[in-house]
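Chemist: Quick one: the structure is below, questions incoming.
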Amino acid sequence: MADAKALTLPRHVAIIMDGNGRWAKKRLLPRVAGHRAGVEAVRTITRAGRDMGLEAMTLYAFSSENWKRPEDEVSALMGLLKRFIESDIDEFDANNVRLKIIGDLSAFSVDVREVVEGALARTADNTGSQLAIALNYGSQAELVRAARMLVEAGGPEAITVEGIEQHLYTADMPPLDLVIRTSGEQRLSNFLLWQAAYAEFWFTDVLWPDFSPAHLAEAVQEFGRRERRYGGL
């Protein structure tokens, strides 16, 4: 049995969902099969996080660098995104989940934007847990965007730590406590660079489609056992 300290929950968990392609390759399947399996893992893990009592979860679904992938793979990812939102929006709304998108939606096709914006509008007033999906997201671009907004509003003097935090996509979310990355890689890949300044990290060799509620619980329990000092003694 975990000790009492292990029951301390992170308020905000972010996940770099890595390994769909390798999962498919190991099974001699096309990459899109790995992405489909990854969507099922998203469903399972978001439900587990909600049942666990996590206040917020951010999932790295599509980075600004992912446009470099083959066109057919990008098209398949967009189709999976649409179907995921369309099929799961009733469940999210029924469970009082507020959906959020971090990233620049302007690069997506009209049909994708309409589905996403409809889901955001439908859940905007929900007061339960938050689920943020990072789409066409890059943390460096997010920081440049925040700085530009501050300069436009008040000049260079307006650029402060507090000011930048208020202009991040995650400004209305709890501070980031825990970053999880699957598939054995140990880097941030331009994900939540500012927000992760004092976050804890948990890495696993498990490929994303195989990441289970038990793995999430293991990460959360490990978080609860760590002593967070925020630069102090």
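Chemist: If you take just the helices (runs of 4 or more DSSP H) that sit entirely in the stretch 134-233, which of them hold at least 3 residues that are among the small types (Gly, Ala, Ser) and modelled with pLDDT of 95 or more?
Modeler: It comes to 139-154, 213-225.
Chemist: Out of all the residues in the stretch 108-133, which are out of contact with any helix residue (DSSP H, G or I) (no Cβ under 9 Å at 6 or more places or on another chain), of a type in the set (Gly, Ala, Ser) and part of a loop (DSSP other than H, G, I, E, B)?
Modeler: Ala124
Chemist: When you check Leu54 against the structure, is it part of a loop (DSSP other than H, G, I, E, B) and buried (at least 21 other Cβ atoms within 10 Å of the Cβ), yes or no?
Modeler: Considered against the rule, which asks whether it is part of a loop (DSSP other than H, G, I, E, B) and buried (at least 21 other Cβ atoms within 10 Å of the Cβ), Leu54 comes out as yes.
Chemist: Which numbered condition in (1) more than 19 Å from Arg50 (Cβ to Cβ); (2) in contact with a Leu (Cβ under 8 Å, 6 or more places away or on another chain); (3) crowded, with 18+ Cβ neighbours inside 10 Å; (4) without any contact (Cβ under 8 Å) to a residue 40 or more places away in the chain is the only one that Ser183 fails?
Modeler: That leaves (4) as the condition not met.
Chemist: Identify, from the list Leu59, Leu81, the residue that is more than 19 Å from Arg11 (Cα to Cα), in contact with a strand residue (DSSP E or B) (Cβ under 8 Å, 6 or more places away or on another chain) and either surrounded by fewer than 17 Cβ atoms within 10 Å (Cβ to Cβ) or of a type in the set (A, V, I, L, M) (or both).
Modeler: Leu81
To keep it simple, each residue is scored yes or no on (1) in a helix (DSSP H, G or I); (2) touching a Leu at 6+ places or on another chain (Cβ under 6 Å); (3) under 28 Å from Asp177 (Cα atoms).
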{"site": "Gly38", "(1), (2), (3)": "yes, no, yes"}
{"site": "Ala41", "(1), (2), (3)": "yes, no, yes"}
{"site": "Thr44", "(1), (2), (3)": "yes, no, yes"}
{"site": "Trp67", "(1), (2), (3)": "yes, no, no"}
{"site": "Asp88", "(1), (2), (3)": "yes, no, yes"}
{"site": "Asn96", "(1), (2), (3)": "no, no, yes"}
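The values are calculated or read from the model by the stated rules, or taken from the named source; none is laboratory data. Everything numeric in this text was worked out from a predicted model, so none of it was measured. Cβ coordinates were reconstructed from backbone atoms using ideal geometry, including for glycine residues, and neighbour counts include every protein chain displayed.
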